[in-house]
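Step one of this worksheet: look at the structure below.
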Amino acid sequence: MNPFDLTGKVALVTGGGEGIGNGCALELAKAGADIVLNDRPGSSTLATAAEEIRALGRQCWPIEANVFERSGCEELITNAIAQAGKIDILVSNPAYSVRQPFLEYEPTHFEKTIQGTLTSGFHMSQLVARHLVERKSPGKIILISSVQGRMPYKLSVAYNAAKAGLDHMARTIAVELFPHRINVNTIQPGWIETPGEHRAFGSEVMKEAGEKLPWQRLGQPADIGMAAVWLASAASDYVTGDNIKVDGGFVFKDC
């Protein structure tokens with residue numbers, strides 16, 4: 001028996017149109033899971049991402065929904081269950097970030113970052129956990145955090161706080177869900193090469209930064225996706241309440 005085989009499982013991945021979310025969805029599909037793929041309303045990449053998954057021979061249900069709001073999360077869960085029949089695995093991957101000095105940080109940006117990164121994780125985890133408990137089914141909840149949850153990275157006060165909160169929230173949720181055998185963990189990516197990062201920093205900056213890391217490259221969405229497969233699979237059934245760092249040594253780059 002292959003402990004990494006996810007055949008028969010349905011995984012819900014938020015923020016799955018591109019980047020880390022897309023990398024997680026693709027790797028979960030390669031491992032056999034069918035995918036409910038979510039992205040924001042009006043996403044220009046969701047349909048293409050869904051076709052990539054179907055090309056792997058898996059079922060995929062693309063659903064647009066605003067998971068920054070409770071109502072959007074509820075709408076997503078309702079539609080996901082209606083279309084796929086169930087949810088076994090959650091990969092919660094929404095985030096919002098604006099880089100500004102602390103003394104100049106706009107309160108509205110702070111609040112939106114907490115809402116889109118931390119509060120959304122609460123909503124999605126609670127709704128999926130309720131579904132699993134109602135079904136009396138074990139399941140896997142995976143929240144995408146960041147090494148910035150442990151590093152006081154400058155110009156990122158809101159994002160750092162949100163990711164640190166996400167890590168501790170996941171540990172708390174894991175403890176409360178012990179009786180239901182629902183595993184809850186976070187993945188802490190380092191610097192991952194995504195379309196969003198290229199738009200923010202430029203390809204030349206990204207190339208130079210990757211060469212300076214201990215692994216001499218930036219992470220790829222598939223690196224995070226393979227960690228998600230492990231956490232979603234039977235291979236990690238004895239792991240819960242943990243924060244898994246996948247960063248190619250990023251946090252040690254100045255050591």
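The values are calculated or read from the model by the stated rules, or taken from the named source; none is laboratory data. Since the model is a prediction, treat every value here as computed from it, not as a measurement. Positions of Cβ are backbone-derived with ideal geometry, glycine not excepted, and every protein chain shown enters the neighbour counts.
So, in region 222-235, how many residues would count as being more than 19 Å from LEU26 (Cβ to Cβ) and surrounded by 16 or more Cβ atoms within 10 Å (Cβ to Cβ)? Before you say what the answer is, go through the steps one by one.
So in region 222-235, the residues more than 19 Å from LEU26 (Cβ to Cβ) come out as 234.
Going one step further and asking which of them are surrounded by 16 or more Cβ atoms within 10 Å (Cβ to Cβ), we end up with none.
The number of residues fulfilling the criteria is 0.
In region 226-255, which residue that is among the acidic types (Asp, Glu) and touching a strand residue (DSSP E or B) at 6+ places or on another chain (Cβ under 8 Å) is nearest to ALA164 (Cα to Cα)? If you could, list the steps in order and put the result at the bottom.
Our first condition is that a residue be among the acidic types (Asp, Glu); within region 226-255, this holds for 237, 242, 247, 254.
Going one step further and asking which of them are touching a strand residue (DSSP E or B) at 6+ places or on another chain (Cβ under 8 Å), we end up with 237, 242, 247.
On the way: ASP237: 24, ASP242: 13, ASP247: 16 Å.
So, considering only residues that are among the acidic types (Asp, Glu) and touching a strand residue (DSSP E or B) at 6+ places or on another chain (Cβ under 8 Å), the one nearest to ALA164 (Cα to Cα) is ASP242.
Name the residue that is nearest to ALA65 (Cα to Cα), counting only residues in region 93-118 that are surrounded by fewer than 22 Cβ atoms within 10 Å (Cβ to Cβ), among the β-branched types (Val, Ile, Thr) and in contact (Cβ under 8 Å) with a residue 12 or more places away in the chain.
Once the filter is applied, the top-ranked residue is ILE114.
Being touching a strand residue (DSSP E or B) at 6+ places or on another chain (Cβ under 8 Å) and either within 22 Å of ALA11 (Cβ to Cβ) or at pLDDT 95 or above (or both) is true for just one of GLN126, GLN83. Which residue is that? Explain how you work it out, then say what you get.
On the way: GLN126 fails: touching a strand residue (DSSP E or B) at 6+ places or on another chain (Cβ under 8 Å).
Sole residue among the options that is touching a strand residue (DSSP E or B) at 6+ places or on another chain (Cβ under 8 Å) and either within 22 Å of ALA11 (Cβ to Cβ) or at pLDDT 95 or above (or both): GLN83.
Failed condition for ALA50, given (1) touching a residue at least 24 places away in the same chain (Cβ under 8 Å); (2) surrounded by 18 or more Cβ atoms within 10 Å (Cβ to Cβ); (3) of a type outside the set (Phe, Trp, Tyr), with all others met?
(1)
Yes or no: region 122-136 includes at least one residue that is assigned to a loop (DSSP other than H, G, I, E, B) and on the phi > 0 side of the Ramachandran plot.
Scanning region 122-136 turns up at least one residue that is assigned to a loop (DSSP other than H, G, I, E, B) and on the phi > 0 side of the Ramachandran plot.
Can you find a residue that is part of a helix (DSSP H, G or I) and modelled with pLDDT under 95 anywhere in region 178-195?
Just the residues of region 178-195 that are part of a helix (DSSP H, G or I), to begin with: 178-180, 195.
Now drop any that are not modelled with pLDDT under 95, which leaves 195.
Yes, that holds for at least one residue.
With respect to ALA200, is the statement that it is at pLDDT 95 or above, in a helix (DSSP H, G or I), out of contact with any Ser or Thr (no Cβ under 7 Å at 6 or more places or on another chain) and over 22 Å from ALA33 (Cα atoms) true? Walk me through how you get there before you give the answer.
On the way: at pLDDT 95 or above: no; in a helix (DSSP H, G or I): yes; out of contact with any Ser or Thr (no Cβ under 7 Å at 6 or more places or on another chain): yes; over 22 Å from ALA33 (Cα atoms): yes.
Considered against the rule, which asks whether it is at pLDDT 95 or above, in a helix (DSSP H, G or I), out of contact with any Ser or Thr (no Cβ under 7 Å at 6 or more places or on another chain) and over 22 Å from ALA33 (Cα atoms), ALA200 comes out as no.
Can you find a residue in region 25-44 that is more than 24 Å from GLU193 (Cβ to Cβ), within 17 Å of the chain's Cα centre (by Cα) and among the β-branched types (Val, Ile, Thr)?
yes
Go through region 132-167 residue by residue and tally those that are under 16 Å from the mean Cα position of the chain (by Cα), within 23 Å of GLY219 (Cα to Cα) and of a type in the set (D, E, K, R).
Residues flagged as under 16 Å from the mean Cα position of the chain (by Cα), within 23 Å of GLY219 (Cα to Cα) and of a type in the set (D, E, K, R) within region 132-167 amount to 2.
Of everything in region 168-221 that's over 22 Å from the mean Cα position of the chain (by Cα) and surrounded by 17 or more Cβ atoms within 10 Å (Cβ to Cβ), which residue is nearest to GLY19 (Cα to Cα)?
Among residues in region 168-221 that are over 22 Å from the mean Cα position of the chain (by Cα) and surrounded by 17 or more Cβ atoms within 10 Å (Cβ to Cβ), the one nearest to GLY19 (Cα to Cα) is ALA209.
If I filter region 75-87 for residues that are closer than 25 Å to GLU134 by Cβ, crowded, with 21+ Cβ neighbours inside 10 Å and not aliphatic (A, V, I, L, M), do I get at least one hit? Reasoning before the result, please.
Pass one, region 75-87, residues closer than 25 Å to GLU134 by Cβ: 75-87.
From the residues that got through so far, the ones that are crowded, with 21+ Cβ neighbours inside 10 Å too are 76-77, 80, 87.
Narrowing the set further to residues that are not aliphatic (A, V, I, L, M) leaves none.
No.
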